[in-house]
Amino acid sequence: MEIIYNKNGLKIINDSNNYGKRAIAVYADMDGLKIVNDEFGHDEGDYSLRTIADILTESFRQSDVVGRMGGDEFAAFAIVNSENFAETIRMRIKEIADKHNESSDKPYYVNISVGTCEFVIEEDVNLARILNKADVSLYEHKRNKEKIIHKNK
């Protein structure tokens, strides 16, 4: 999906009609995929990755771009109407993930860490550089959050 994400993201960024518009790139990954795979099996790991894709797809509009980058990493791109949209999207993703976890009978949580990079679309915007900044933000978020995988431990 990396190619699809990059093509669609680049198409939006390179469209001169979008110059001057605010945008956000989001990099996300699943917390504890190895633990889920090791303790519950790879089918459960696959279920978890599909759940992450569903959560992210639900968190964004149809006009936004969401794709799997590989492994447990996902990226999204959206044109936004306000500054400081990063916290809004983080909270939206958390709320939707919480709903999925509450309604799931799985013995583990499907948790997501999220990194963001807000920017203005201009002629010389570099999507790879933007995604790298979102990835750095992701690891800051991941490092500072509590890691709970099991529901009943």
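The values are calculated or read from the model by the stated rules, or taken from the named source; none is laboratory data. Every value quoted in this text rests on a predicted model; they were computed, and no experiment measured them. For neighbour counting, all protein chains shown are included, and Cβ atoms are generated from backbone atoms with ideal geometry for every residue, glycine included. To get the accessible areas, we keep the full protein, side chains included, count just its heavy atoms, and leave off ligands, DNA and RNA. Shrake-Rupley method; radii C 1.70, N 1.55, O 1.52, S 1.80 Å.
Here are the numbers:
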| item | result |
| --- | --- |
| Filter pass, Gly71 being open to solvent by 40 Å² or more (accessible area, probe 1.4 Å), at positive phi and out of contact with any Gly (no Cβ under 9 Å at 6 or more places or on another chain) | yes |
| Hits in the range 74-91 - residues which are closer than 28 Å to Lys151 by Cβ and surrounded by fewer than 17 Cβ atoms within 10 Å (Cβ to Cβ) | Glu87, Thr88, Met91 |
| Pairs with Cβ under 6 Å, 6+ apart, first in the range 84-103 and closer than 18 Å to Phe74 by Cβ and of a type in the set (Val, Ile, Thr), second open to solvent by 80 Å² or more (accessible area, probe 1.4 Å) and in a helix (DSSP H, G or I) | Ile96/Glu58 |
| Top-ranked residue of the range 9-30 - restricted to ones that are assigned to a helix (DSSP H, G or I) and open to solvent by 70 Å² or more (accessible area, probe 1.4 Å), ranked as nearest to Lys145 (Cα to Cα) | Leu10 |
| Matching entry among Ser63, Ser48 (being hydroxyl-bearing (Ser, Thr, Tyr), open to solvent by 70 Å² or more (accessible area, probe 1.4 Å) and touching a strand residue (DSSP E or B) at 6+ places or on another chain (Cβ under 9 Å)) | Ser63 |
| Residue match in the range 138-149 (condition: farther than 30 Å from Asp15 by Cβ, without any contact (Cβ under 8 Å) to a residue 12 or more places away in the chain and in a helix (DSSP H, G or I)) | yes |
| Members of the range 51-60 found to be surrounded by fewer than 20 Cβ atoms within 10 Å (Cβ to Cβ) and in contact with a strand residue (DSSP E or B) (Cβ under 8 Å, 6 or more places away or on another chain), listed by number | Ala53, Thr57, Phe60 |
| Enumeration of residues in the range 99-135 that are closer than 20 Å to Val80 by Cβ and β-branched (Val, Ile, Thr) | Ile112, Val114, Thr116, Val120, Ile121, Val125, Ile130 |
| Subset of the range 128-138 (residues that are of a type in the set (S, T, N, Q), open to solvent by 60 Å² or more (accessible area, probe 1.4 Å) and under 13 Å from Ile24 (Cβ atoms)) | none |
| Residue in the range 106-127 that is open to solvent by 50 Å² or more (accessible area, probe 1.4 Å) and in a helix (DSSP H, G or I) present | no |
| In the range 31-45, the residues that are under 17 Å from Ala97 (Cβ atoms), open to solvent by 20 Å² or more (accessible area, probe 1.4 Å), modelled with pLDDT of 95 or more and among the small types (Gly, Ala, Ser) | none |
